[in-house]
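Each value in this text was obtained by applying a stated rule to the coordinates, not by laboratory testing. Keep in mind that what you see is a predicted model, and the values were worked out from it rather than measured. Cβ atoms come from the backbone with ideal geometry, glycine included; neighbour counts cover every protein chain shown.
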Amino acid sequence: MIYPSSNRDLARRILDTGGLILSEYWPGTSPRSWTFPRRNRIISALARGTVIIEAPVSSGALITARFALEQNRDLWVHSIGVNSRRGGGTAKLANDGAGVISSASDIIDEWNIIVPALNNESRDKDISGAGLALSLAEYLDIKV
């Protein structure tokens, strides 16, 4: 099942463009709270790195961060979350050694990826969440 249901159009676009939707559950299995950490274990395993934008101290995002570290993946936290009043978990990750980033270019630089030059305003823009993902996709010339 696609959850939340507002992601059905996105799921259809992924499949229509040759992408894959992967689950360890049978089709039609309803989402339950215990399924999310297991799903995030797969997501972090498939990713080269994980960015935590803002996580309270009891956030499920911290479970994903733990999986990423156990799987020897890169882990970063966003500076907005580190400095947020709701970002206690994000700040703890930073204090424990996670890299702190403020833009997609920080990841590109760390991975030593050569990308076409963007103007400095676009390169150094301090963004978070979906904007960070879109900016990273732009750097890597991924059509979203």
Practice task
With a bin width of 5 angstrom, please list the P(r) values of region 70-113 as percents of all Cα-Cα pairs, from the 0 bin to the one holding the largest distance.
Solution key: 6, 24, 26, 23, 16, 5, 1
Handout entry: Nitroxide proxy distance, nm - points 7 Å out along Cα→Cβ at S102 and A133
Key = 2.4 nm
Completion exercise
At the level of C-alpha centres, the distance separating region 5-40 and region 48-106, in angstrom, is 23 Å
Practice task
Send over the Kirkwood Rh of the chain, from the inverse of the averaged 1/r over different Cα pairs, rounded to one decimal Å.
Solution key: 16.6 Å
Completion exercise
For region 16-82 the mean separation of alpha carbon contacts under 8 Å (6+ apart) over residue count, i.e. relative contact order in percent, is 33 percent
Practice task
Quick one, can you get me the convex hull of the C-alpha atoms of region 41-87 expressed as volume per residue in Å³?
Solution key: 56 Å³
Problem - Sequence-separation-based contact order of the chain, relative, with Cα cut under 8 Å and 6+ spacing, percent - result: 16 percent
Problem - Two-decimal ratio, region 4-72, of alpha-carbon radius of gyration to 2.2 N^0.38 Å - result: 1.22
Completion exercise
Per GNM of the chain with C-alpha springs under 10 angstrom, the most fluctuating residue out of L20, L62, L134 is L20
